[in-house]
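Let me begin by presenting the structure, written as structure tokens, before commenting on it.
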Amino acid sequence: MSDGGAKRELADRIRELRHAVGYSQERLAALIGFQRAYLSQAESGRTVPSENLIDALDAALDAGGELRTLRAQAWQQQRTRRHSTPGPQRGRGEEPTNRRRILQASALAAAADVAADLYHRITAAEPDRLTLDELEADLDEIAATYTTVPHAVAAPRVIDGWRQVETALDRRTSASTHARLTLLGGQFAYYLGRVAFNTGDMRSARRFATLAEHHAAESGEPVLCASIAALRSSIAYWTGRHQQALGHLLAARPYDHPYTRARMAAYEARTYAALGDMEAAVQALNRMEAAAGDHPPRPGSTPVGEAEVGMFRAGVALAMGDGIAAERWSLASTDAYGMTAGTFCTEEQAHARLSLSIAYLRRPNPEPDTAATIGVQVLETLAAHPTHTVALKARRLAGFFQPAHRQIPAVREYSALVRGMPVAALTSGDEP
């Protein structure tokens, strides 16, 4: 095979198939939902493309599995080259006794040979700087889009990056590369835990959170450490383990950071409210609001802005039985989400609207028609962006309608939609 090997053959075949159907790189990239840069790199033959990209290309170019086969060959060839080590050099006719004497006399030279071989293996095994840069860029893009795209869309990209990083961490690398990989491994594992949590798979969420904690403990990066604690707290909170949820948050206080400070306080507030400590809940809400602000997205928890402040305050107000305050804060939150031009957290906007529905039912003169209409709109959004905590709260809203409300068309429609939802895998928590 040529010097480029299977990677070159794969790259050439991608280009041939693309030309055969008359696609430009831009058009094909748009068709499969990847950036053009990834397609360009795949056709360069410099690296082995990701499985997700090749799967998409194989389907779009009607390759019948050919590209998947070539990619597997390229990957195996790359692994073989990275892990192969030259055999010991032996002279012709060398007697065992002479070999022993030579080794004894030149132990230092032999050790130097081993050192040279080890260096070559380390440098050949570790990913290059461009690969690490692109993995970090992937995480930046995931952080920027995670709350606005369906989890089924986000998951494959997160899984692909996580596999690349963990494969690299299994090899011996330089200290600086290992440090970057460790942080990347923690961040990708965190997002996988978050995807699992958002889709209701709490067992997987705990496993990924544990792996992320392992990497975070080594990296010590405060945003990652706090974000994992927030994820751990959410898992405990939404499964009814409120004291445990609070413990995760308090244990993470040494990792205080402006980016995560408001969300950590918000999670404390909802947990204190669930535990019945309303004074502590109000204090935490005030700390949340003082720390809230606009932050450029980065890998980790989603920052708390004006809309999220209203959403969390509404949830705690409902836990306190203050329907008037809950309605006021829910309206403020939904108005603020309406000003964000679609860049908001779909999950938390849904929580704000469901809190508003519950507040309408807690009025002295309830408005079940309005509450149910809002609920139907939320469930329509949920169909496109399935999120487990929203589904749980939607079921909770259904329980607030009185028997007399069942004759209202909107209430009947909402109740029917809720009955048609998949059965929840968790015990419901309280307000977010």
The range 42-69 residues that are closer than 12 Å to Asp160 by Cβ, paired with ones that are modelled with pLDDT of 90 or more and acidic (Asp, Glu) (beta carbon under 9 Å, 6 or more apart): Ser50/Asp160; Glu51/Asp160; Asn52/Asp160; Leu53/Asp160
Subset of the range 59-77 (residues that are more than 13 Å from Leu17 (Cα to Cα), of a type in the set (A, V, I, L, M) and surrounded by fewer than 21 Cβ atoms within 10 Å (Cβ to Cβ)): Ala72
Is it the case that some residue within the range 311-332 is closer than 19 Å to Thr147 by Cβ and part of a loop (DSSP other than H, G, I, E, B)? no
If you take the residues in the range 279-306 that are touching a Gly at 6+ places or on another chain (Cβ under 9 Å) and aliphatic (A, V, I, L, M), which one is surrounded by the fewest Cβ atoms within 10 Å (Cβ to Cβ)? Ala292
What is the residue count in the range 153-180 for residues that are of a type in the set (Asp, Glu) and under 19 Å from Gly33 (Cβ atoms)? 1
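For every residue, the table says whether it meets (1) touching a residue at least 24 places away in the same chain (Cβ under 8 Å); (2) outside the structural domain of Leu183 (by TED's automatic domain parsing); (3) at negative phi; (4) under 22 Å from the mean Cα position of the chain (by Cα).
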| position | (1), (2), (3), (4) |
| --- | --- |
| Ala196 | no, no, yes, yes |
| Leu231 | yes, yes, yes, yes |
| Ala265 | yes, yes, yes, yes |
| Ala269 | yes, yes, yes, no |
| Ala273 | yes, yes, yes, no |
| Ala280 | no, yes, yes, no |
| Asp294 | no, yes, yes, yes |
For the range 238-261, pairs from a residue that is assigned to a loop (DSSP other than H, G, I, E, B) to a residue that is β-branched (Val, Ile, Thr) and loosely packed, with under 15 Cβ neighbours inside 10 Å, with Cβ under 9 Å and 6 or more apart or across chains, are Thr239/Thr427; Gly240/Thr427
Just for helices (runs of 4 or more DSSP H) wholly inside the range 14-80: which have at least 1 residues that are over 19 Å from Thr131 (Cα atoms) and hydroxyl-bearing (Ser, Thr, Tyr)? none
The residue from Ala307, Ala336 that alone is farther than 18 Å from Val390 by Cα and of a type outside the set (D, E, K, R) is Ala336
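The values are calculated or read from the model by the stated rules, or taken from the named source; none is laboratory data. Since the structure is predicted, the reported quantities are computational estimates derived from the model, not experimental observations. Positions of Cβ are generated from backbone atoms using ideal geometry, with glycine treated the same way; all protein chains shown enter the neighbour counts.
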